[in-house]
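Encoded as structure tokens, the structure appears first; notes follow it.
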Amino acid sequence: MASRLRLTVGMILLAACTAGAADELAQARRRMVDEQVRARGVEDRRVLNAMAQVPRHMFVPKDIRGLAYDDRPLPIGWNQTISQPYVVGLMTDLLDLKPKDKVLEIGTGSGYQAAVLSRLVSDVYTIEIVRPLGEQARLTLRSLGYSNVHARIGDGYKGWPEAAPFDAIVVTAAPPQVPKPLLDQLAIGGNLVVPEGDSWQDLTVYTKQRDGSFRKKNVLPVRFVPMTGEAQKNGKKR
């Protein structure tokens, strides 16, 4: 009886500690959203709530999880990074998403951006060129229950034509110029958000007009890892 009682008390204490840690993480996420994202001008309540719900610490390596809610990019292996929370919030806000939208993401990375998007739209299609990183992201997303995220390993230059058109497209690596297939796969009225450029990059929004032309808006200077594969090869030819 005594051993059974000790076991029960131990389980209660463990549950209490786990609940306490979960509360602390939730508070850290809320501070991240309030102090790093909303305070810098991202006001869409849906975007802010999504970022407050997605456990960013689960998308970074275990040895740096203590930094997960700082406003900084973090290394995720294979010479790639997870963007700082403000940039994730800003790019998501610029997409101007609606609940029934279908979104394409080029550059899955850790899967964090896809997880945020998944709470805002019907379906997310995401492509990662670095196989081990893409496989790891797919496992993380699956384990956390993001069932409306469809992940693929490959070069995102040509997009995902069989699932097009997309209501919005986000590129999380920097091409010298936006790949034409991505512009072609954007639906009329949709936004494509991309860090465009080589040494110097601008976060840019392309909005597709009814006649198939694009309205282009430069938002702010940014620094992203380069988009590799065909985008890089084509950029060097120009």
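For beta carbons closer than 6 Å, sequence separation of 6+ or different chains, a first residue in region 59-74 that is touching a residue at least 12 places away in the same chain (Cβ under 8 Å) and farther than 17 Å from A115 by Cβ and a second that is hydroxyl-bearing (S, T, Y) and open to solvent by 20 Å² or more (accessible area, probe 1.4 Å), the qualifying pairs are D71/Y86. Per the listing V130, V171, the residue uniquely within 20 Å of K208 (Cβ to Cβ) and in contact with a strand residue (DSSP E or B) (Cβ under 9 Å, 6 or more places away or on another chain) is V171.
Taking region 133-153 as the range and being under 26 Å from D198 (Cα atoms) and either among the charged types (D, E, K, R) or modelled with pLDDT under 95 (or both) as the test, only R152 passes. With the condition kept exactly as written, say whether any residue in region 15-23 is within 19 Å of L144 (Cα to Cα), open to solvent by 20 Å² or more (accessible area, probe 1.4 Å), at pLDDT below 95 and not hydrophobic (A, V, I, L, M, F, W, C). Scanning region 15-23 turns up at least one residue that is within 19 Å of L144 (Cα to Cα), open to solvent by 20 Å² or more (accessible area, probe 1.4 Å), at pLDDT below 95 and not hydrophobic (A, V, I, L, M, F, W, C).
Selection of region 109-153 for residues being more than 16 Å from the chain's Cα centre (by Cα) and open to solvent by 60 Å² or more (accessible area, probe 1.4 Å) yields R131, S143. The number of residues in region 46-70 that are of a type outside the set (K, R) and open to solvent by 50 Å² or more (accessible area, probe 1.4 Å) comes to 7. One residue is enough: does region 154-169 have a residue meeting the conditions buried (at least 22 other Cβ atoms within 10 Å of the Cβ), within 17 Å of D96 (Cα to Cα), in contact with a helix residue (DSSP H, G or I) (Cβ under 7 Å, 6 or more places away or on another chain) and modelled with pLDDT of 95 or more? Within region 154-169, one or more residues are buried (at least 22 other Cβ atoms within 10 Å of the Cβ), within 17 Å of D96 (Cα to Cα), in contact with a helix residue (DSSP H, G or I) (Cβ under 7 Å, 6 or more places away or on another chain) and modelled with pLDDT of 95 or more. For region 33-45, a residue qualifies if it is within 14 Å of L90 (Cβ to Cβ) and either assigned to a helix (DSSP H, G or I) or open to solvent by 70 Å² or more (accessible area, probe 1.4 Å) (or both), and the qualifying residues are V33, Q36, V37, R38, A39, R40, E43. Under the condition of being over 16 Å from L104 (Cβ atoms) and surrounded by fewer than 20 Cβ atoms within 10 Å (Cβ to Cβ), the residues counted in region 185-207 number 5.
The values are calculated or read from the model by the stated rules, or taken from the named source; none is laboratory data. Keep in mind it's a predicted model, so treat the numbers as computed, not measured. Positions of Cβ are generated from backbone atoms using ideal geometry, with glycine treated the same way; all protein chains shown enter the neighbour counts. What goes into the accessible areas is simple: the full protein's heavy atoms, side chains included, and nothing from ligands, DNA or RNA. Shrake-Rupley method; radii C 1.70, N 1.55, O 1.52, S 1.80 Å.
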